[in-house]
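Notes to accompany the following structure.
The values are calculated or read from the model by the stated rules, or taken from the named source; none is laboratory data. Since this is a predicted model, take the numbers as computed values, not measurements. Neighbour counts run over all protein chains shown; Cβ positions are idealised from the backbone, glycine included. To get the accessible areas, we keep the full protein, side chains included, count just its heavy atoms, and leave off ligands, DNA and RNA. Shrake-Rupley method; radii C 1.70, N 1.55, O 1.52, S 1.80 Å.
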Amino acid sequence: MPAPAYIAVVCTANICRSPMGAALLRHALAAKPEPLRSIPVISAGVSARAGEPATENSVIALKKVGIDLGRHVSTPLTQELLDGALAVLVMTKSHRDMIEATADPVPREVRLFREFVGKGSLEIADPYGLSLSAYETARDEMVEAIPSLVDYFSKLLAKK
């Protein structure tokens with residue numbers, strides 16, 4: 001089996017949180033030195049239907065910080081995606097539980113997106129169907145987690 005090649009960001013339907021989280025992390029890693037800058041970041045959903053666009057409010061929330069999410073299409077989470085991931089970042093404990101209950105093998109690195117922040121909630125609530133401000137709150141919670149994730153990936157890559 002080839003070495004893990006990407007970071008997978010996972011939520012439920014892959015139309016709100018995980019595409020925002022993946023885009024934010026991709027943007028942050030692009031500004032870092034190698035090997036961080038070259039790690040691809042993908043997103044998927046534990047209950048996603050293939051080919052759905054990101055929600056309008058997800059697109060707007062990221063556009064406000066200069067990131068284009070307009071071309072995103074949803075991807076269902078598969079065992080193949082899990083097998084190819086350096087790490088899997090999930091939005092909630094229930095996402096992690098679902099992966100741990102159904103994956104075979106379970107990826108070694110399944111972490112909450114906010115696991116390393118050290119303050120506030122570990123989970124990022126689903127903004128689906130809520131106001132733009134709920135999407136902005138989710139986005140801001142992800143932005144707050146990015147520095148700790150970059151540090152985590154630096155250490156993880158140093159072990160390899």
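Peptides 147-155, 64-72, 10-18 ranked from most to least packed give 10-18, 147-155, 64-72, packing being the mean of other C-beta atoms within 10 angstrom over each peptide's residues. Within a straight-line Cα-Cα reach of under 12 Å, LYS32 can be paired with the following aspartates and glutamates, leaving aside sequence neighbours fewer than 8 residues apart in one chain: ASP151.
Specify the inter-centroid distance of segment 60-101 and segment 8-46, based on alpha-carbon positions, in whole Å. Using only Cα atoms to place each centre, the spacing works out to 7 Å. The order of the peptides 81-93, 132-144 by mean Cβ neighbours within 10 Å, most packed first, is 81-93, 132-144.
Around the Cα centre of segment 70-115, unit charges on the Cβ atoms of Lys, Arg, Asp and Glu (plus for the first two, minus for the last two) sum to a dipole of about 280 debye.
Taking 0.36 nm per residue of separation and subtracting the Cα-Cα distance, full extension of the segment from ALA125 to LEU157 would add 8.6 nm. For the chain, the Cβ-based charge dipole about the Cα centre amounts to some 400 debye (Lys, Arg positive; Asp, Glu negative; other atoms uncharged). In this structure, the pairs whose alpha-carbon distance is over 29 Å, taken from LYS64/LYS159; LYS93/LYS159; LYS63/LYS159, are LYS64/LYS159; LYS63/LYS159.
On the chain, 54 percent of the accessible area sits on carbon and sulfur atoms, based on a 1.4 Å probe. For a straight C-alpha distance cut-off of 17 angstrom, the aspartates and glutamates reachable from LYS155 (same-chain residues fewer than eight places away being disregarded) are GLU34, GLU109, GLU115. Taking the charge dipole of the chain about its Cα centre, with +1 at Lys and Arg Cβ atoms and -1 at Asp and Glu Cβ atoms, the residue from ALA138, VAL41, VAL59 reaching farthest to the positive side is VAL41. Accessible surface area normalised per residue over the chain is 51 Å², counting heavy atoms of protein chains with a 1.4 Å rolling probe.
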